[in-house]
Each structure stands twice: as C-alpha cells, then as structure tokens.
Amino acid sequence: VISQLIGSDASILIGTGDRKIWTDMEKLVPGPSLPEKLGTATMYTPATGDEHLGTAVPIKSLGWLVWVDTPTRTVLSPANRFLREMAVVTLLLVLVGGVAALFISRQITAPIKEMTLAAEGISSGDYSRRVSATRYDELGVLAQSFNSMAQQVDDSTHKLENRVQERTRELESALSELHNAQESLVRQYQKMFRIDGGNVLF
C-alpha cells in the first residue's frame, strides 16, 4: 500500500528518535545520514551508488522518525521527459518556422527581384518590360504602379520617336527644297551671265 502511495522506486524507513535503530518494516537496516534540520530534502549516495533524494519527518507522539527517499532519476524523470518533449516540439517549431520564413521571404523577394530586373531592362532601353501584378497587397499595388509608369515611359518614348522622325522628314524636305532652290539660282545665274574661260560675258 505504501509503495502504491509513494511509488515503487521509493523506500521508507522508520527509526528511533535517537537515530540508532532503523527498519524497513521487515528487518533492521542501516540508517541514512540525516541532516541536522529535519523535514528538508537531502541529496545523498547510498551503497548502491545511485544518487537519492530523501527527507526525514519526526513523529513526535511516538518519538519515531520516518525517512522516505527516492532515486534522483525517478524524481527527475518527469522533468527529463518534459524537456525531451519540449526539445522535440521546439525542433518542430524551428523547422516549421524556418520553412514558413523561407516561403514568406520568397513571396516578398521574388516580386522585388522581378521588379528590379524590369527596372534594369527599362533603364537599358527595353520599355516593353512589365511585372506580374496578380497580388492584392502592397507589392501588388507597387507592381501596378510600376507597370503604369513603364507604360507611360513607353508611350512617351514612342511619341518622342515619332516626333523626331517627323521633324527629320521635315528637315530632309526643307534641305531638298533648299538644294533645288540653290540649283535653280545657279541655273538662272548661268543664263544671265555667260562664263567663258574665266571671263564674264554679258
């Protein structure tokens, strides 16, 4: 009954008040080395070599002492089991957290990398570069703004190129007209003045 109450690994001794006689309720046994102050837990190592944790309580009405001790490994086994379980849980949390952090970081860095490559393409003259704007968060809004800006730059570039081409055609036409006018003036000049061997003849 006592073993069921205090555990099968625990032992109980009853001794006299003078601490000279001890029994395990079957036979006389050597008594433990008790501390000066009773009622406090004491760590000690018996002849078996295993570390034990014990305490002695006096029964004043009978003048006896009751000593109960338990192997330290038994006392610490729940704590050790808890620590092992917590270590497994912690490891799982670290792994899940690491995978989640990697997934979240890729969700954030991938659009930024795509936007960086698109910006580099636009800076090098490829105004058709766009980024995917399928997200509905801040990065999605940023991607839409980037695409709108890129479209405006592309449109402005096309307009500028068209204006340059139009001005070039106008300049070429003006130069052609100027050349024709110059040739016409030269022909008129030659008709008005006959040039013969360096001498001007009227």
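Quick grid of which residues meet (1) on the phi > 0 side of the Ramachandran plot; (2) surrounded by 11 or more Cβ atoms within 10 Å (Cβ to Cβ); (3) modelled with pLDDT under 85; (4) in contact with a Gly (Cβ under 9 Å, 6 or more places away or on another chain):
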position: 139; (1), (2), (3), (4): no, yes, yes, no
position: 156; (1), (2), (3), (4): no, yes, no, no
position: 172; (1), (2), (3), (4): no, no, no, no
position: 192; (1), (2), (3), (4): no, no, yes, no
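For segment 53-77, a residue qualifies if it is over 46 Å from the mean Cα position of the chain (by Cα) and over 17 Å from residue 19 (Cβ atoms), and the qualifying residues are 61, 70.
Reported count of residues in segment 128-159, each being part of a helix (DSSP H, G or I), within 13 Å of residue 117 (Cα to Cα) and within 26 Å of the chain's Cα centre (by Cα), is 1.
One residue alone among 74, 109 is more than 29 Å from residue 143 (Cβ to Cβ), β-branched (Val, Ile, Thr) and assigned to a helix (DSSP H, G or I), and that residue is 74.
Does segment 23-44 hold any residues that are closer than 17 Å to residue 70 by Cβ, of a type in the set (Val, Ile, Thr) and either part of a strand (DSSP E or B) or in contact with a helix residue (DSSP H, G or I) (Cβ under 9 Å, 6 or more places away or on another chain) (or both), and which are they? Once the filter is applied, which keeps residues that are closer than 17 Å to residue 70 by Cβ, of a type in the set (Val, Ile, Thr) and either part of a strand (DSSP E or B) or in contact with a helix residue (DSSP H, G or I) (Cβ under 9 Å, 6 or more places away or on another chain) (or both), segment 23-44 yields 29, 42.
Considering segment 45-61, the residues that are out of contact with any helix residue (DSSP H, G or I) (no Cβ under 8 Å at 6 or more places or on another chain), without any contact (Cβ under 8 Å) to a residue 24 or more places away in the chain and surrounded by 10 or more Cβ atoms within 10 Å (Cβ to Cβ) include one that is farthest from residue 76 (Cα to Cα), namely 59.
The values are calculated or read from the model by the stated rules, or taken from the named source; none is laboratory data. Here the structure is a predicted model, which means the values were calculated and not measured. Cβ sites come from the backbone with ideal geometry, for glycine too, and all protein chains shown count toward neighbours.
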